[in-house]
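Report on one structure; see the data block that follows.
Bear in mind these aren't lab numbers, they're just calculated from the coordinates by the rules spelled out. The shown structure was predicted, so the numbers you read here are calculated from the model rather than taken from an experiment. As a convention, Cβ positions derive from the backbone with ideal geometry for all residues, glycine included, and neighbour counts pool all protein chains shown.
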Amino acid sequence: MNYKLSQDRLEGPHGRAFRNRDLPDRPDVAETVVWWVITSPIWHPFWAQYQLLVVRLRQGVPGFPEPVLKFPGATHELIVAALHPEYGPWTPAKVAEAGYVLPYLEPINIAEQFTASDEEMAMLAGLCALGVLNGNLNPETSDAPQAIREYWLTAMVRTLAHMRGEEHAP
């Protein structure tokens with residue numbers, strides 16, 4: 001199956017999201033494949049914005065920290081982090097002004113690694129953003145972190161399998 005996700009803005013019943021294709025040419029963002037800011041107030045009472053990004057896990061990239069691989073052959077990591085509410089709300093113009101380094105809350109909500117192409121991971125990130133906006137993927141892990149992270153991982157692995165035309169377990 002061939003998927004395409006070309007929009008830079010997404011909307012759903014539970015919020016909206018935007019991405020920027022023109023990230024600055026700097027070492028701290030050079031390994032970023034795609035980067036979304038999601039605004040969805042249904043998930044937490046004190047913050048409503050999340051950063052969803054995909055980074056390459058290449059070794060030996062000047063100016064970029066060495067990746068810590070969860071398994072041999074991992075090529076990309078998808079990360080979701082709640083954005084610090086004191087500095088938002090984030091808009092495309094405000095993000096550009098801030099230099100694409102946004103203050104986030106810790107711990108990171110979701111951090112999963114995959115073996116995939118840049119194109120597959122960009123598509124997966126967009127579909128995950130849509131999942132949050134449609135109420136299918138909870139970006140907030142404070143209530144049940146292990147269960148929510150397992151749900152995300154299962155959904156992402158199955159989605160990648162669908163994108164590749166592969167079979168997956170039910």
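Here are a few things to note about the model shown:
- Test item: Cα-centred dipole of the chain, Lys/Arg +1 and Asp/Glu -1 on Cβ, debye: 240 debye
- Here the extension length gained between GLU86 and ALA30 equals 17.5 nm, from 0.36 nm per residue of separation less the Cα-Cα distance.
- For TYR104, residues with placed amide H under 5 Å, excluding near neighbours: HIS84
- Counting 0.36 nm for each residue step from GLU97 to SER142 and taking away their Cα separation leaves a gain of 13.2 nm.
- Those chymotrypsin sites (Phe, Trp or Tyr not before Pro) in segment 45-131 that DSSP places in a loop and that have at most 10 other beta carbons within 10 Å: PHE46
- Working note: Karplus 6.51/-1.76/1.60 with θ = phi - 60° gives segment 70-80 the couplings 7, 7, x, x, 4, 10, 9, 10, 9, 10, 10 Hz, where Gly and Pro are set to x.
- Given 12 as the ceiling on other Cβ atoms within 10 Å, longest exposed-site-free region of the chain for GluC sites (Glu not before Pro) in DSSP loops: 1-85
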